Amino acid sequence: MPFAVSYDWDSGNAVADKVVGLQDSAVKTALLRAGNTFVEIFQYTHPVGKDPIPNRRACDAGLTHICFDVIDVDGEYERLLAEGVKFHTPPVDVGGTVRTTYGRDPDGNIFELQEVTQSGLALDLQNVVPELETQVIK
């Protein structure tokens, strides 16, 4: 599967810290792409996380981060907030490229809602699936 480093951030990035709910976070990332599917992998270099739980069963809770690309992050944030979903922060702009927010599922797992705001990027949903707005399922 082809991949690229999508971005990294160093400690002291106040916007990143606000979104992920940490202090002095630092991250290395890779973005994997297969067709119109992207998988973003994070490695936190700071703070150091807890060791993984050995022999975790498939039924045990434990995602630490999954990102969903959306067309209207503010609308999705408001919709989910009204349903009682807890978020770290309202959506924020990150580098003029995306608007993003992190929330928690009922088990406390972290999920991200991300809207690509800079047109022409390979990961922009409008480029990957141009007819997407007509296929929105609510």
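Anything in segment 60-85 that is modelled with pLDDT of 95 or more and under 14 Å from residue 111 (Cα atoms)? List them, or say none.
73, 76, 77, 80, 81, 85
Please go through segment 89-108 and pick out each residue that is closer than 19 Å to residue 42 by Cα, assigned to a loop (DSSP other than H, G, I, E, B) and within 12 Å of the chain's Cα centre (by Cα).
none
For segment 33-59, enumerate the residues that are farther than 23 Å from residue 13 by Cβ and either part of a loop (DSSP other than H, G, I, E, B) or touching a strand residue (DSSP E or B) at 6+ places or on another chain (Cβ under 9 Å) (or both).
Selection gives 33, 35, 36, 51, 52, 53, 54, 55, 56, 57, 58, 59.
Quick one: which of 86, 50 is touching a residue at least 12 places away in the same chain (Cβ under 8 Å) and basic (Lys, Arg)?
Sole residue among the options that is touching a residue at least 12 places away in the same chain (Cβ under 8 Å) and basic (Lys, Arg): 86.
Is it the case that some residue within segment 57-70 is surrounded by 13 or more Cβ atoms within 10 Å (Cβ to Cβ) and among the acidic types (Asp, Glu)?
So far as segment 57-70 goes, yes, one or more of its residues are surrounded by 13 or more Cβ atoms within 10 Å (Cβ to Cβ) and among the acidic types (Asp, Glu).
Got at least one residue in segment 10-23 being outside any loop (DSSP other than H, G, I, E, B) and free of Cβ contacts under 8 Å to residues at least 60 places away in the same chain? Give the steps one after another, and end with the answer.
From segment 10-23, those outside any loop (DSSP other than H, G, I, E, B) are 14-20; that's our starting set.
When the remaining residues are screened for being free of Cβ contacts under 8 Å to residues at least 60 places away in the same chain, the result is 14, 17.
For segment 10-23, residues outside any loop (DSSP other than H, G, I, E, B) and free of Cβ contacts under 8 Å to residues at least 60 places away in the same chain: present.
The values are calculated or read from the model by the stated rules, or taken from the named source; none is laboratory data. Note that the structure is a prediction, hence the values are computed from the model and not measured. Note: ideal-geometry Cβ built from the backbone for every residue, glycine included; neighbour counts use all protein chains shown.
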